[in-house]
Amino acid sequence: MEAATSHLLNVRADFPILAREIDGRPIVYLDSAATSQKPAAVIDALGGYYRRHNANVHRGVYTLAQEATELFEGARERIAAFTGGETATTIFTGNATEAINLVAYAWGRDNVGPGDVVLLTQMEHHSNIVPWQLLAEEVGADLRYLEVSDDGQLSLDQLDTELATGRVKLAAFTHISNVLGTINPVAEIASRVRAAGAVSLVDGAQGVPQIAVDVAGIGADFYVWTGHKALGPTGVGVLHGRRERLEDMRPFLGGGDMISTVGWEKSTWNELPWKFEAGTSMIADAVGLGAAIDYLTALGMDRVRAHEHELTRYALTRLAEVEGLRVIGPAGADERGGVISFEIEGIHPHDVAELANRENVCIRAGHHCAMPLMRRLGVPATARASFGPYNSQADADALVGALQRARDVFGL
Ligand SMILES: Cc1ncc(COP(=O)(O)O)c(C=O)c1O
(Lines give C-alpha, C1' and ligand atoms only; values in the text may rest on other atoms or scores of the structure.)
Protein backbone atom coordinates (compact mmCIF):
# COMPACT_ATOMS: atom_id res chain seq x y z
CA MET A 1 0.00 0.00 0.00
CA GLU A 2 1.29 3.44 -0.87
CA ALA A 3 1.75 5.83 2.05
CA ALA A 4 -0.41 8.95 1.86
CA THR A 5 1.67 12.04 1.01
CA SER A 6 1.95 14.44 3.90
CA HIS A 7 1.32 18.09 3.22
CA LEU A 8 2.66 19.17 6.58
CA LEU A 9 5.21 21.98 6.57
CA ASN A 10 8.27 21.88 8.78
CA VAL A 11 9.05 25.52 9.51
CA ARG A 12 8.97 25.77 13.31
CA ALA A 13 12.68 26.66 13.35
CA ASP A 14 11.93 29.85 11.38
CA PHE A 15 10.02 31.23 14.39
CA PRO A 16 12.47 32.26 17.15
CA ILE A 17 9.87 32.47 19.92
CA LEU A 18 9.07 28.78 19.49
CA ALA A 19 12.62 27.90 20.55
CA ARG A 20 11.80 29.31 23.97
CA GLU A 21 11.00 27.01 26.85
CA ILE A 22 8.82 27.89 29.82
CA ASP A 23 9.58 25.92 32.99
CA GLY A 24 11.79 23.64 30.95
CA ARG A 25 9.08 22.68 28.48
CA PRO A 26 8.58 23.75 24.87
CA ILE A 27 5.76 26.07 23.86
CA VAL A 28 2.78 24.51 22.07
CA TYR A 29 1.31 27.59 20.43
CA LEU A 30 -2.29 26.99 19.36
CA ASP A 31 -3.64 30.53 19.31
CA SER A 32 -2.82 31.76 15.82
CA ALA A 33 -6.39 32.93 15.25
CA ALA A 34 -5.73 35.55 17.95
CA THR A 35 -2.31 36.45 16.61
CA SER A 36 0.32 34.53 14.72
CA GLN A 37 3.94 34.11 15.70
CA LYS A 38 6.53 35.91 13.57
CA PRO A 39 9.31 34.38 11.48
CA ALA A 40 12.87 35.71 11.93
CA ALA A 41 12.55 37.34 8.49
CA VAL A 42 9.82 39.66 9.82
CA ILE A 43 11.64 40.48 13.05
CA ASP A 44 14.80 41.19 11.03
CA ALA A 45 12.92 43.41 8.59
CA LEU A 46 11.55 45.49 11.47
CA GLY A 47 14.95 45.79 13.15
CA GLY A 48 16.70 46.36 9.83
CA TYR A 49 14.35 49.17 8.94
CA TYR A 50 15.00 51.00 12.20
CA ARG A 51 18.75 50.28 12.17
CA ARG A 52 19.43 51.33 8.59
CA HIS A 53 16.61 53.17 6.87
CA ASN A 54 14.40 55.02 9.36
CA ALA A 55 13.05 58.38 8.12
CA ASN A 56 9.61 59.76 7.40
CA VAL A 57 8.19 58.81 4.02
CA HIS A 58 7.04 60.71 0.93
CA ARG A 59 8.41 64.20 1.57
CA GLY A 60 12.13 63.87 2.11
CA VAL A 61 14.65 64.30 -0.68
CA TYR A 62 17.61 62.87 1.22
CA THR A 63 18.73 59.28 0.73
CA LEU A 64 17.32 57.85 3.98
CA ALA A 65 13.89 59.31 3.28
CA GLN A 66 13.95 57.93 -0.24
CA GLU A 67 14.92 54.49 1.04
CA ALA A 68 12.15 54.56 3.66
CA THR A 69 9.61 55.58 1.01
CA GLU A 70 10.77 52.85 -1.34
CA LEU A 71 10.56 50.23 1.40
CA PHE A 72 7.09 51.38 2.49
CA GLU A 73 5.62 51.69 -0.99
CA GLY A 74 7.44 48.54 -2.13
CA ALA A 75 5.76 46.63 0.70
CA ARG A 76 2.39 47.98 -0.44
CA GLU A 77 3.03 46.78 -4.01
CA ARG A 78 3.96 43.25 -2.90
CA ILE A 79 1.08 43.08 -0.43
CA ALA A 80 -1.38 44.18 -3.13
CA ALA A 81 0.00 41.60 -5.56
CA PHE A 82 -0.21 38.88 -2.87
CA THR A 83 -3.94 39.40 -2.39
CA GLY A 84 -4.76 40.22 -6.01
CA GLY A 85 -5.47 43.90 -5.30
CA GLU A 86 -4.38 47.04 -7.12
CA THR A 87 -1.58 48.99 -5.44
CA ALA A 88 -3.50 52.29 -5.49
CA THR A 89 -6.56 50.77 -3.86
CA THR A 90 -4.60 48.96 -1.15
CA ILE A 91 -4.78 51.17 1.93
CA PHE A 92 -2.81 50.70 5.12
CA THR A 93 -4.83 50.94 8.32
CA GLY A 94 -3.97 50.12 11.92
CA ASN A 95 -5.74 46.75 11.78
CA ALA A 96 -8.86 45.11 10.35
CA THR A 97 -11.04 46.87 12.91
CA GLU A 98 -9.87 50.29 11.76
CA ALA A 99 -10.41 49.31 8.12
CA ILE A 100 -14.04 48.37 8.86
CA ASN A 101 -14.56 51.59 10.80
CA LEU A 102 -13.08 53.53 7.89
CA VAL A 103 -15.73 52.10 5.58
CA ALA A 104 -18.52 52.51 8.16
CA TYR A 105 -17.65 56.18 8.59
CA ALA A 106 -16.40 57.32 5.20
CA TRP A 107 -18.81 55.27 3.08
CA GLY A 108 -21.58 54.49 5.56
CA ARG A 109 -22.37 57.99 6.79
CA ASP A 110 -22.95 59.21 3.22
CA ASN A 111 -24.70 56.18 1.79
CA VAL A 112 -26.84 54.56 4.48
CA GLY A 113 -29.98 56.30 5.66
CA PRO A 114 -33.16 55.78 7.70
CA GLY A 115 -34.87 52.47 6.96
CA ASP A 116 -31.91 51.05 5.04
CA VAL A 117 -30.55 47.68 6.11
CA VAL A 118 -27.00 46.70 6.93
CA LEU A 119 -26.89 42.93 6.59
CA LEU A 120 -24.45 41.01 8.79
CA THR A 121 -24.16 37.38 9.82
CA GLN A 122 -24.46 35.75 13.21
CA MET A 123 -20.84 34.57 12.97
CA GLU A 124 -19.22 38.01 12.85
CA HIS A 125 -16.43 39.19 15.10
CA HIS A 126 -17.32 42.27 17.17
CA SER A 127 -15.13 44.28 14.77
CA ASN A 128 -17.65 43.59 12.03
CA ILE A 129 -20.70 44.28 14.21
CA VAL A 130 -20.06 47.27 16.45
CA PRO A 131 -19.03 49.79 13.73
CA TRP A 132 -22.32 48.97 11.95
CA GLN A 133 -24.31 49.31 15.17
CA LEU A 134 -22.82 52.79 15.64
CA LEU A 135 -23.71 53.66 12.05
CA ALA A 136 -27.24 52.24 12.27
CA GLU A 137 -27.91 54.11 15.49
CA GLU A 138 -26.67 57.37 14.01
CA VAL A 139 -28.52 57.24 10.70
CA GLY A 140 -31.62 55.27 11.71
CA ALA A 141 -30.79 52.15 9.70
CA ASP A 142 -31.69 48.57 10.67
CA LEU A 143 -29.30 45.71 11.26
CA ARG A 144 -30.24 42.25 10.10
CA TYR A 145 -28.33 39.01 10.51
CA LEU A 146 -27.98 35.94 8.35
CA GLU A 147 -28.46 32.94 10.62
CA VAL A 148 -25.85 30.31 11.34
CA SER A 149 -27.07 26.70 11.06
CA ASP A 150 -26.27 24.09 13.69
CA ASP A 151 -23.36 22.90 11.57
CA GLY A 152 -21.96 26.42 11.32
CA GLN A 153 -23.08 27.42 7.82
CA LEU A 154 -24.87 30.41 6.32
CA SER A 155 -27.88 30.04 4.07
CA LEU A 156 -27.70 31.58 0.60
CA ASP A 157 -31.49 31.28 0.41
CA GLN A 158 -31.82 33.54 3.40
CA LEU A 159 -29.36 35.91 1.75
CA ASP A 160 -31.59 36.03 -1.34
CA THR A 161 -34.68 36.65 0.81
CA GLU A 162 -32.99 39.55 2.58
CA LEU A 163 -31.71 41.03 -0.67
CA ALA A 164 -35.16 40.70 -2.27
CA THR A 165 -36.55 43.25 0.20
CA GLY A 166 -34.59 45.91 -1.70
CA ARG A 167 -33.61 47.51 1.61
CA VAL A 168 -30.09 46.14 1.97
CA LYS A 169 -27.48 48.85 1.37
CA LEU A 170 -24.47 46.94 2.57
CA ALA A 171 -23.70 43.33 3.46
CA ALA A 172 -20.66 42.64 5.63
CA PHE A 173 -19.54 39.07 6.26
CA THR A 174 -16.48 37.15 7.33
CA HIS A 175 -14.34 35.08 4.98
CA ILE A 176 -13.45 32.50 7.67
CA SER A 177 -15.10 32.44 11.09
CA ASN A 178 -12.66 32.87 13.97
CA VAL A 179 -14.88 30.64 16.13
CA LEU A 180 -16.47 28.03 13.84
CA GLY A 181 -13.71 27.87 11.26
CA THR A 182 -16.37 27.98 8.53
CA ILE A 183 -15.04 29.10 5.14
CA ASN A 184 -17.82 31.17 3.59
CA PRO A 185 -18.47 31.28 -0.18
CA VAL A 186 -17.56 34.96 -0.26
CA ALA A 187 -17.33 35.34 -4.05
CA GLU A 188 -20.84 33.93 -4.43
CA ILE A 189 -22.21 36.11 -1.64
CA ALA A 190 -20.51 39.24 -3.04
CA SER A 191 -21.88 38.51 -6.50
CA ARG A 192 -25.47 38.16 -5.21
CA VAL A 193 -25.11 41.33 -3.13
CA ARG A 194 -23.81 43.21 -6.15
CA ALA A 195 -26.60 41.89 -8.37
CA ALA A 196 -29.06 43.28 -5.82
CA GLY A 197 -27.47 46.72 -6.13
CA ALA A 198 -25.88 46.64 -2.66
CA VAL A 199 -22.31 47.02 -1.49
CA SER A 200 -20.28 44.23 0.12
CA LEU A 201 -17.48 44.10 2.66
CA VAL A 202 -15.54 40.93 3.45
CA ASP A 203 -13.75 40.58 6.76
CA GLY A 204 -10.65 38.67 5.70
CA ALA A 205 -8.86 38.79 9.07
CA GLN A 206 -8.86 34.97 9.21
CA GLY A 207 -8.90 34.48 5.43
CA VAL A 208 -5.61 35.99 4.28
CA PRO A 209 -3.46 34.07 6.78
CA GLN A 210 -4.96 30.71 5.85
CA ILE A 211 -5.93 30.50 2.20
CA ALA A 212 -4.93 32.06 -1.13
CA VAL A 213 -7.03 35.21 -1.46
CA ASP A 214 -7.72 36.99 -4.74
CA VAL A 215 -9.66 40.14 -3.92
CA ALA A 216 -10.33 40.90 -7.58
CA GLY A 217 -11.73 37.41 -8.08
CA ILE A 218 -13.89 37.67 -4.96
CA GLY A 219 -15.30 40.89 -6.35
CA ALA A 220 -16.44 42.50 -3.09
CA ASP A 221 -16.45 46.28 -2.82
CA PHE A 222 -14.24 46.15 0.26
CA TYR A 223 -11.96 43.43 1.62
CA VAL A 224 -10.17 44.01 4.93
CA TRP A 225 -7.52 42.09 6.83
CA THR A 226 -4.97 42.49 9.58
CA GLY A 227 -1.21 42.00 9.45
CA HIS A 228 -0.54 40.43 12.84
CA LYS A 229 -2.56 37.29 12.08
CA ALA A 230 -0.67 36.83 8.80
CA LEU A 231 2.80 36.47 10.38
CA GLY A 232 3.28 40.26 10.28
CA PRO A 233 3.70 42.81 13.07
CA THR A 234 0.89 44.37 15.07
CA GLY A 235 -0.14 47.89 14.09
CA VAL A 236 -0.82 47.37 10.39
CA GLY A 237 -3.94 46.25 8.57
CA VAL A 238 -5.16 46.50 5.00
CA LEU A 239 -8.26 47.80 3.25
CA HIS A 240 -8.71 46.82 -0.38
CA GLY A 241 -11.46 48.87 -1.99
CA ARG A 242 -13.13 49.04 -5.37
CA ARG A 243 -11.61 52.11 -7.03
CA GLU A 244 -14.84 53.94 -7.85
CA ARG A 245 -16.11 53.53 -4.29
CA LEU A 246 -12.90 54.87 -2.79
CA GLU A 247 -12.86 57.77 -5.21
CA ASP A 248 -16.44 58.72 -4.34
CA MET A 249 -15.86 58.50 -0.60
CA ARG A 250 -14.93 61.40 1.61
CA PRO A 251 -11.77 60.89 3.69
CA PHE A 252 -12.02 59.13 7.05
CA LEU A 253 -9.42 61.05 9.06
CA GLY A 254 -8.01 64.46 8.17
CA GLY A 255 -4.42 65.60 8.59
CA GLY A 256 -1.02 65.38 6.96
CA ASP A 257 -0.34 63.16 3.94
CA MET A 258 -3.99 62.76 2.94
CA ILE A 259 -4.25 66.22 1.37
CA SER A 260 -3.30 67.68 -1.96
CA THR A 261 -3.79 71.36 -1.03
CA VAL A 262 -4.88 73.05 2.20
CA GLY A 263 -6.47 76.51 2.25
CA TRP A 264 -7.89 78.53 5.15
CA GLU A 265 -11.37 77.19 4.61
CA LYS A 266 -11.08 74.10 2.45
CA SER A 267 -8.69 71.42 1.37
CA THR A 268 -8.43 68.99 -1.49
CA TRP A 269 -7.53 65.34 -1.18
CA ASN A 270 -4.49 63.36 -2.15
CA GLU A 271 -4.77 60.54 -4.66
CA LEU A 272 -5.48 56.96 -3.69
CA PRO A 273 -4.32 55.27 -1.55
CA TRP A 274 -2.93 58.22 0.49
CA LYS A 275 -6.32 59.99 0.68
CA PHE A 276 -7.15 57.45 3.42
CA GLU A 277 -3.78 57.49 5.19
CA ALA A 278 -3.77 60.58 7.41
CA GLY A 279 -0.68 61.31 9.47
CA THR A 280 2.57 59.39 9.62
CA SER A 281 1.93 55.78 8.69
CA MET A 282 3.08 52.65 10.51
CA ILE A 283 6.08 52.56 8.19
CA ALA A 284 8.18 49.91 9.94
CA ASP A 285 5.14 47.68 10.47
CA ALA A 286 4.19 47.89 6.80
CA VAL A 287 7.77 46.95 5.90
CA GLY A 288 7.50 44.06 8.36
CA LEU A 289 4.22 42.97 6.80
CA GLY A 290 5.92 43.06 3.40
CA ALA A 291 8.49 40.59 4.78
CA ALA A 292 5.69 38.38 6.14
CA ILE A 293 4.04 38.34 2.73
CA ASP A 294 7.38 37.44 1.11
CA TYR A 295 7.68 34.58 3.58
CA LEU A 296 4.14 33.34 2.86
CA THR A 297 4.70 33.74 -0.89
CA ALA A 298 7.84 31.61 -0.66
CA LEU A 299 5.93 28.94 1.31
CA GLY A 300 3.01 29.17 -1.11
CA MET A 301 -0.51 29.77 0.18
CA ASP A 302 -1.72 26.53 -1.37
CA ARG A 303 0.83 24.68 0.76
CA VAL A 304 -0.17 26.69 3.83
CA ARG A 305 -3.79 25.69 3.25
CA ALA A 306 -2.86 22.05 2.62
CA HIS A 307 -0.83 22.04 5.85
CA GLU A 308 -3.63 23.52 7.94
CA HIS A 309 -6.20 21.26 6.31
CA GLU A 310 -4.20 18.13 7.12
CA LEU A 311 -3.46 19.31 10.64
CA THR A 312 -7.10 20.22 11.27
CA ARG A 313 -8.25 16.84 10.01
CA TYR A 314 -5.72 15.11 12.25
CA ALA A 315 -6.67 17.24 15.27
CA LEU A 316 -10.40 16.60 14.72
CA THR A 317 -9.72 12.86 14.70
CA ARG A 318 -7.59 13.02 17.84
CA LEU A 319 -10.04 15.31 19.68
CA ALA A 320 -12.79 12.77 19.04
CA GLU A 321 -10.88 10.47 21.45
CA VAL A 322 -11.54 12.86 24.36
CA GLU A 323 -14.67 11.76 26.13
CA GLY A 324 -17.31 14.47 26.55
CA LEU A 325 -15.65 16.78 24.02
CA ARG A 326 -17.92 18.48 21.52
CA VAL A 327 -16.50 20.29 18.52
CA ILE A 328 -18.45 23.34 17.39
CA GLY A 329 -18.79 24.24 13.70
CA PRO A 330 -18.61 22.25 10.46
CA ALA A 331 -17.97 18.54 10.92
CA GLY A 332 -15.15 18.08 8.40
CA ALA A 333 -11.80 19.76 7.72
CA ASP A 334 -12.80 20.48 4.10
CA GLU A 335 -15.32 23.13 5.11
CA ARG A 336 -13.18 24.81 7.73
CA GLY A 337 -9.95 26.67 8.27
CA GLY A 338 -7.43 25.82 10.97
CA VAL A 339 -9.63 26.79 13.90
CA ILE A 340 -11.33 24.34 16.26
CA SER A 341 -13.68 25.54 19.01
CA PHE A 342 -14.85 22.97 21.49
CA GLU A 343 -16.31 22.35 24.90
CA ILE A 344 -15.74 19.53 27.35
CA GLU A 345 -18.69 18.42 29.37
CA GLY A 346 -18.18 19.18 33.05
CA ILE A 347 -15.25 21.62 32.66
CA HIS A 348 -15.59 25.36 32.06
CA PRO A 349 -13.60 26.48 28.98
CA HIS A 350 -11.53 28.82 31.16
CA ASP A 351 -10.49 25.88 33.33
CA VAL A 352 -9.65 23.91 30.18
CA ALA A 353 -7.35 26.72 29.00
CA GLU A 354 -5.86 27.15 32.47
CA LEU A 355 -5.04 23.47 32.83
CA ALA A 356 -3.63 23.35 29.29
CA ASN A 357 -1.38 26.27 30.19
CA ARG A 358 0.21 24.17 32.94
CA GLU A 359 1.66 22.11 30.08
CA ASN A 360 2.54 25.20 27.98
CA VAL A 361 -0.31 24.44 25.61
CA CYS A 362 -1.53 27.90 24.57
CA ILE A 363 -5.22 27.82 23.72
CA ARG A 364 -7.84 30.50 24.17
CA ALA A 365 -11.08 30.38 26.11
CA GLY A 366 -13.89 32.90 26.08
CA HIS A 367 -16.34 34.46 23.67
CA HIS A 368 -13.64 35.14 21.05
CA CYS A 369 -15.09 38.61 20.40
CA ALA A 370 -18.23 36.97 19.07
CA MET A 371 -20.81 37.32 21.86
CA PRO A 372 -23.83 37.20 19.54
CA LEU A 373 -22.54 33.94 18.05
CA MET A 374 -22.09 32.48 21.55
CA ARG A 375 -25.74 33.37 22.21
CA ARG A 376 -26.76 31.66 18.97
CA LEU A 377 -24.78 28.55 19.93
CA GLY A 378 -26.23 28.58 23.43
CA VAL A 379 -22.83 28.57 25.14
CA PRO A 380 -21.23 31.22 27.38
CA ALA A 381 -17.78 30.53 25.98
CA THR A 382 -15.72 27.91 24.18
CA ALA A 383 -12.15 26.72 24.23
CA ARG A 384 -10.38 27.23 20.91
CA ALA A 385 -7.26 25.79 19.33
CA SER A 386 -6.01 27.34 16.10
CA PHE A 387 -3.09 26.49 13.86
CA GLY A 388 -0.37 28.25 11.94
CA PRO A 389 2.26 27.05 9.46
CA TYR A 390 4.60 26.27 12.39
CA ASN A 391 2.31 23.75 14.10
CA SER A 392 2.73 20.00 13.88
CA GLN A 393 0.84 16.83 14.70
CA ALA A 394 2.88 16.74 17.92
CA ASP A 395 1.18 20.01 18.93
CA ALA A 396 -2.24 18.44 18.39
CA ASP A 397 -1.09 15.41 20.39
CA ALA A 398 0.08 17.68 23.20
CA LEU A 399 -3.33 19.36 23.21
CA VAL A 400 -5.17 16.06 23.42
CA GLY A 401 -2.88 14.88 26.22
CA ALA A 402 -3.48 18.09 28.17
CA LEU A 403 -7.25 17.75 27.72
CA GLN A 404 -7.21 14.14 28.93
CA ARG A 405 -5.30 15.23 32.04
CA ALA A 406 -7.76 18.11 32.55
CA ARG A 407 -10.54 15.52 32.67
CA ASP A 408 -8.53 13.54 35.23
CA VAL A 409 -8.11 16.66 37.40
CA PHE A 410 -11.88 17.08 37.36
CA GLY A 411 -12.38 13.42 38.18
CA LEU A 412 -14.24 12.81 34.91
C1 LIG B 1 -12.76 37.39 12.04
C2 LIG B 1 -12.03 38.55 12.66
N3 LIG B 1 -12.31 39.78 12.26
C4 LIG B 1 -11.70 40.85 12.77
C5 LIG B 1 -10.74 40.72 13.73
C6 LIG B 1 -10.10 41.94 14.28
O7 LIG B 1 -8.74 42.01 13.99
P8 LIG B 1 -7.91 43.23 14.59
O9 LIG B 1 -8.11 43.18 16.07
O10 LIG B 1 -6.50 42.99 14.20
O11 LIG B 1 -8.49 44.46 14.00
C12 LIG B 1 -10.42 39.45 14.20
C13 LIG B 1 -9.43 39.28 15.29
O14 LIG B 1 -9.56 38.44 16.14
C15 LIG B 1 -11.07 38.33 13.64
O16 LIG B 1 -10.79 37.10 14.04
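The values are calculated or read from the model by the stated rules, or taken from the named source; none is laboratory data. Note that the structure is a prediction, hence the values are computed from the model and not measured. All Cβ positions, glycine included, derive from the backbone under ideal geometry; neighbour counts span all protein chains shown. Just so you know, the surface numbers come from the protein's heavy atoms only, side chains and all, with ligands and any DNA or RNA stripped out. Shrake-Rupley method; radii C 1.70, N 1.55, O 1.52, S 1.80 Å.
Table for the structure above
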item	result
Within the accessible area of the chain (1.4 Å probe), percent carbon and sulfur	50 percent
Relative contact order, percent, the chain [alpha-carbon distance under 8 Å, six or more residues apart]	23 percent
Eligible aspartates and glutamates near residue 266 by straight Cα distance, threshold 20 Å, same-chain separation 8 or greater	110, 247, 248, 257, 277
Extension reserve of the residue 87-residue 253 stretch, reckoned as 0.36 nm per residue once the Cα distance is removed	57.7 nm
DSSP beta bridges in the chain [antiparallel fraction, %, rounded to 5]	60 percent
Segments 144-157, 335-348 sorted - mean Cβ within 10 Å per residue, highest first	335-348, 144-157
CD proxy at 222 nm, helix term only [per DSSP H run n ≥ 4: -39500 (n - 2.57); per residue of the chain; nearest 500]	-10500 deg cm²/dmol
Tilt relative to the chain, helix 283-299 - C-alpha long axis, 0 to 90 degrees, to 10	50 degrees
Dipole of segment 143-273, positive end: most advanced residue of 179, 154, 219 [Cβ charges, Cα centre]	219
Relative contact order for segment 76-206, counting Cα pairs under 8 Å that sit 6 or more residues apart, in percent	22 percent
Value of relative contact order over segment 194-313, rounded to a whole percent, pairs C-alpha under 8 Å and six or more apart	24 percent
Degrees between helix 393-409 axis and first principal axis of the chain (Cα, 0 to 90, nearest 10)	60 degrees
Sequence ranges 210-219, 64-73, 26-35, ranked by mean other-Cβ count within 10 angstrom, highest first	26-35, 210-219, 64-73
Per residue accessible area of segment 275-412, 1.4 Å probe, in Å²	38 Å²
Helix 63-82 vs. the chain, principal-axis angle (Cα, 0 to 90°, nearest 10)	60 degrees
Dipole magnitude of the chain about its Cα centre (Cβ charges: Lys, Arg +1; Asp, Glu -1), debye to nearest 20	520 debye
Distance between modelled label sites at residue 345 and residue 43, nm, 7 Å Cα→Cβ extension	4.4 nm
Virtual spin-label span in nm between residue 318 and residue 167, 7 Å along Cα→Cβ	4.9 nm
Reachable lysines, given that their alpha-carbon falls under 20 Å from the alpha-carbon of residue 229 and they are not under 8 places away in the same chain	38
At R0 = 22 Å, FRET efficiency that the Cβ-Cβ distance of residue 302 and residue 393 yields, to 0.05	0.65
Per residue, in Å², the accessible surface of segment 1-91 once ligands and nucleic acids are set aside, probe 1.4 Å	58 Å²
Charged-residue dipole, Cβ positions (Lys, Arg, Asp, Glu), segment 1-135 about Cα centre, Debye nearest 20	380 debye
